[in-house]
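Have a look at the structure below, then the notes.
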Amino acid sequence: MRVLMCPDFRATNPYQELLATAVSSHDITVEWGKHGRFALLHALRQKPDLIHLHWSAPFWLDGRPLRSRVSALRFLAELLWVKRQGVRLVWTLHNLHDHERTNPRLEHTVNRQICRLADQVLVHCTAMETAVLQTYHLPQTLRRN
């Protein structure tokens with residue numbers, strides 16, 4: 001199985017490298033994806049079986065509200081296209097909100113749609129599971145890991 005993890009924040013966050021090392025021992029090839037405009041479409045060239053999304057904001061958040069909205073629509077369209085190509089989507093929801101809370105309403109909308117598109121949403125504790133269930137009302141996609 002080929003898994004594309006994105007965005008690649010290994011330089012500042014050791015979690016991704018530790019996870020990649022652990023899953024690689026199970027006959028899973030881990031590759032790394034970028035973020036930004038059309039990054040997921042470009043990632044399809046690597047022919048992943050699964051995209052493991054860790055954070056959504058780097059794909060769509062911009063300092064300007066209108067650009068963020070346009071980028072969010074583009075990002076969600078990319079996710080839809082990836083899914084239509086038969087690539088599974090897993091999202092580890094590390095935080096309910098981006099640390100900076102730059103555009104909370106748009107972020108809520110984007111995250112809710114990602115939850116709907118994801119084949120699996122992973123969280124790391126019961127408190128986060130409860131928060132996600134209350135925030136996005138999507139128990140069928142949620143699994144604590």
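The values are calculated or read from the model by the stated rules, or taken from the named source; none is laboratory data. No experiment lies behind these values; they were computed from the predicted model shown. Every residue, glycine as well, gets a Cβ built from its backbone with ideal geometry; the counts of neighbours run over all protein chains shown. Each accessible area value is taken on the protein alone, full model and side chains, heavy atoms only, with ligands, DNA and RNA left out. Shrake-Rupley method; radii C 1.70, N 1.55, O 1.52, S 1.80 Å.
General remarks:
- Taking helices (runs of 4 or more DSSP H) as the structural unit, those lying wholly within segment 4-108 and holding at least 2 residues that are closer than 24 Å to T126 by Cα correspond to 14-24.
- Of the residues R45, R37, R10, R84, the single one that is open to solvent by 80 Å² or more (accessible area, probe 1.4 Å), out of contact with any strand residue (DSSP E or B) (no Cβ under 7 Å at 6 or more places or on another chain), more than 30 Å from T130 (Cβ to Cβ) and in contact (Cβ under 8 Å) with a residue 12 or more places away in the chain is R37.
- Inclusion of W91 among residues that are touching a residue at least 24 places away in the same chain (Cβ under 8 Å), within 21 Å of Q113 (Cα to Cα) and open to solvent by 50 Å² or more (accessible area, probe 1.4 Å) is not warranted.
- Looking across W32, W55, W60, W81, one residue alone is aromatic (F, W, Y), touching a Lys or Arg at 6+ places or on another chain (Cβ under 8 Å) and under 18 Å from Q113 (Cβ atoms). It is W60.
- Qualifying residue in segment 14-27 (condition: within 18 Å of E107 (Cβ to Cβ) and open to solvent by 40 Å² or more (accessible area, probe 1.4 Å)): no
- Restricting attention to segment 109-130, the residues being in a helix (DSSP H, G or I), polar (S, T, N, Q) and open to solvent by less than 60 Å² (accessible area, probe 1.4 Å) number 1.
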